[in-house]
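J.: Please read through the structure below; I'll follow up with questions.
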Amino acid sequence: MKTLITIITMALSTLFVNAQMTSEKELQKSLDNSIPVALKEHHVPGMAIAIIKNDQVIIKKGYGFSDVSLGAKVDAKTGFNIGSISKMFTAWGIMKMVEDGKIDLDTPASTYLTRWKLPTSKFDVNKVTIRNLLQHTAGLSVHGYNGYESKNELTSITKSLSGTSREEEAVTLIMEPESKWQYSGGGYTILQLIIEEVSGETFANYMEKNIFKPLKMKHTSFKIDKKILKKSAKAYDEEGNEIPLRLFNAQAAAGLHTTIDDLILFAKASFSKNPVLSEKSITLLRTPTELSKGNYGMGYMEMNRFGDFTLHGHGGSNEGWHSGFMLDFESKSGIIILTNGSSGRNVLFGGLKDWAQWHGSN
């Protein structure tokens, strides 16, 4: 009897594995059929995608071109700008400082600032805390940033915050803190300055030493140098024409460059014990607020629209780039999509919906 049970168990296990493989092969086939068509239709040169199931990478693939003129193809080591997904990493940088006892979430942000201060207004600037900067509930201006086409145009974070670089980048208090959820890239620029003030380092260096290096993310950086550019994709507009890579004073909000391989490392670190943040801190970051109507925590969006599961992560879009990073923490699964075209969202959402439909039934 024991031998028979063992044989039956092994047979069922084999059937389950084969069914799972078939299911994964079907998903891969579906993506292989749909993505190239979508890329062509929307004039997006390339895409990198990774799909994780039960903490294991089941699909990792590049489609199309990182550089059309050279015929260079996208692979897992191709670099992409990830736009506002940068905020998720900035949130990790801030929470690392909280865990290290260097800052407090509910202390006024002004406590940590010496190089720049929020302009006085009819609202109380001392109610702007680290927590509500992370949550987009601080009542601040500046939704997002356009970036600069040349390194020579870059100035400094303080000039950006003051509106000296560009008037529309001036961060001001436009409503009562904690009265409403309003997305503010400007709030994350303040967090960038706080990290610099408290650490005594540049934002890019702090993030390299305290987040990327411990997680072994060797091809991820807020510093856009020759090393990063060597494997970077080119950016393309809505018609598929190459455009300059946008650079940012406001790095924390929109300036991170990374690869599918490195984002897989970050996803897996998010699911389990890692050398940067505790599970408690990661849970706090992704827990949505009432003011956001359950849609945003601290650097993390929450999405329930695709099925009977909850996703946490962020989307990112800059001129020439669109990306998505969404994780199902309950099943340790998720999807990462990076594109190098201004119409990339049209390709990205198709891939996300295909995966979500598959994920919900497996």
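J.: Can you tell which of Val128, Trp92, Tyr296 lies farthest toward the positive end of the dipole of the chain, using +1 and -1 charges on the Cβ of basic and acidic side chains (Lys, Arg; Asp, Glu)?
T.: Looking along the dipole axis, the top candidate is Trp92.
J.: Counting each pair of different Cα atoms once, what's the Kirkwood radius of segment 108-159 in Å, rounded to one decimal?
T.: Over segment 108-159, the inverse of the mean reciprocal pair distance is 13.1 Å.
J.: Whole-Hz ³J(HN,Hα) for each residue in segment 223-232, computed from phi via Karplus 6.51 cos²θ - 1.76 cosθ + 1.60 with θ = phi - 60°, x for glycine and proline: what do you get?
T.: 9, 8, 10, 4, 4, 5, 5, 4, 10, 7
J.: Another question, if that's okay. Given a 1.4 Å probe and the protein chains all in place, what does the accessible area of Lys218 round to, in Å² to the nearest 10?
T.: Counting only protein heavy atoms, Lys218 exposes about 150 Å² to solvent.
J.: Between Leu311, Ala252, Leu277, whose Cα lies farthest towards the positive end of the dipole of segment 195-316 when Lys and Arg beta carbons carry +1 and Asp and Glu beta carbons carry -1, centred on the Cα centre?
T.: It is Leu277.
J.: If amide hydrogens are placed 1.01 Å from N in the peptide plane, which non-local residues have theirs closer than 5 Å to the one on Thr172?
T.: Here Ser141 satisfy the definition.
J.: Which of rounded, prolate, oblate describes segment 83-240, given a ≥ b ≥ c as roots of the alpha-carbon gyration tensor eigenvalues and a/c under 1.5 marking rounded, otherwise prolate only if a/b is larger than b/c? Numbers along the way, then the final one.
T.: On the way: a/c = 1.86, a/b = 1.29, b/c = 1.43.
It comes out oblate by the Cα gyration axes.
J.: Another question, if that's okay. Past 18 Å, Cα to Cα, is the threshold; run Lys127/Lys180; Lys60/Lys268; Lys61/Lys216; Lys268/Lys293; Lys102/Lys209 against it and keep the listed order.
T.: Too far apart for the 18 Å limit: Lys61/Lys216; Lys268/Lys293.
J.: Something else: Among residues other than Lys227 whose Cβ falls under 12 Å from its Cβ, what is the net charge (Lys/Arg +1, Asp/Glu -1)?
T.: Around Lys227, the charge tally is +3.
J.: Given the options Gly350, Ser160, Met175, identify the residue whose Cα lies farthest towards the positive end of the charge dipole of the chain (+1 on Cβ of Lys, Arg; -1 on Cβ of Asp, Glu).
T.: Gly350
J.: Mind listing the phi-derived Karplus ³J(HN,Hα) values for segment 256-268, rounded to whole Hz, using 6.51, -1.76 and 1.60 with θ = phi - 60°, and x for any glycine or proline?
T.: So the Karplus estimates, Gly and Pro as x, are 7, 10, 7, 10, 4, 4, 5, 5, 5, 4, 5, 4, 5 Hz.
J.: Let me ask something else. Please list 3J(HN,Hα) in residue order for segment 95-102, calculated via the Karplus relation 6.51 cos²θ - 1.76 cosθ + 1.60 where θ = phi - 60°; whole Hz, with x for glycine and proline.
T.: Karplus values, whole Hz, x for Gly and Pro: 5, 4, 5, 5, 4, 7, x, 8.
J.: Quick query: amide H of Met301 versus all other amide H atoms, modeled in the peptide plane; which residues come in under 5 Å with a sequence gap of 5 or more or a different chain?
T.: It is Gly313, His314, by chain and number.
J.: Report the extension gain between Asp308 and Glu330 in nm, rounded to one decimal, defined as 0.36 nm multiplied by the number of residues separating them, less their alpha carbon distance.
T.: 6.8 nm
J.: Next question, about the same structure. In terms of the ratio Rg/(2.2 N^0.38 Å) built on C-alpha atoms, what value belongs to the chain?
T.: 1.03
J.: Follow-up question, since we're still on this one. Starting with the highest mean, order 145-153, 267-275 by the number of other Cβ atoms within 10 Å, averaged over the residues of each peptide.
T.: Ranked from most to least packed, the peptides come out as 267-275, 145-153.
J.: Which of the GluC sites (Glu not before Pro) across segment 186-268 are loop residues per DSSP, with 13 or fewer other Cβ within 10 Å?
T.: Here the GluC sites (Glu not before Pro) that fit, given the DSSP loop and packing criteria, are Glu239.
J.: Give the angle, between 0 and 90 degrees and rounded to the nearest 10, that separates the Cα long axis of helix 2-41 from the longest principal axis of the Cα atoms of the chain.
T.: Helix 2-41 sits roughly 50 degrees off the main axis of the chain.
J.: Note down the accessible area of Tyr236, probe 1.4 Å, to the nearest 10 Å².
T.: Tyr236 exposes around 10 Å² with every protein chain in place.
J.: Taking the Cα centre of the chain as origin, work out the dipole magnitude from +1 charges on Lys and Arg Cβ and -1 charges on Asp and Glu Cβ, in debye rounded to 20.
T.: It works out to roughly 880 debye.
J.: Give, rounded to the nearest 20 debye, the magnitude of the charge dipole that segment 136-232 has about its Cα centre when Lys and Arg contribute +1 at Cβ and Asp and Glu contribute -1 at Cβ.
T.: Here the size comes out at about 840 debye.
J.: Something else now. Classify segment 211-362 from the C-alpha gyration tensor, please: rounded if a/c falls under 1.5, else prolate or oblate depending on whether a/b exceeds b/c. Can you show the working numbers first?
T.: Working: a/c = 1.73, a/b = 1.27, b/c = 1.36.
Verdict is oblate for segment 211-362.
J.: Another question, if that's okay. What is segment 123-216 by shape, rounded, prolate or oblate, if you read a ≥ b ≥ c off the alpha carbon gyration tensor as root eigenvalues and call it rounded for a/c under 1.5, prolate for a/b larger than b/c, and oblate otherwise?
T.: The shape class here is oblate.
J.: So how strong a dipole does segment 189-271 carry about its Cα centre when Lys and Arg Cβ are +1 and Asp and Glu Cβ are -1, to the nearest 20 debye?
T.: With Lys and Arg at +1 and Asp and Glu at -1, about 500 debye.
The values are calculated or read from the model by the stated rules, or taken from the named source; none is laboratory data. Please read all numbers here as calculations on a predicted model, not as lab measurements. As a convention, Cβ positions derive from the backbone with ideal geometry for all residues, glycine included, and neighbour counts pool all protein chains shown. To get the accessible areas, we keep the full protein, side chains included, count just its heavy atoms, and leave off ligands, DNA and RNA. Shrake-Rupley method; radii C 1.70, N 1.55, O 1.52, S 1.80 Å.
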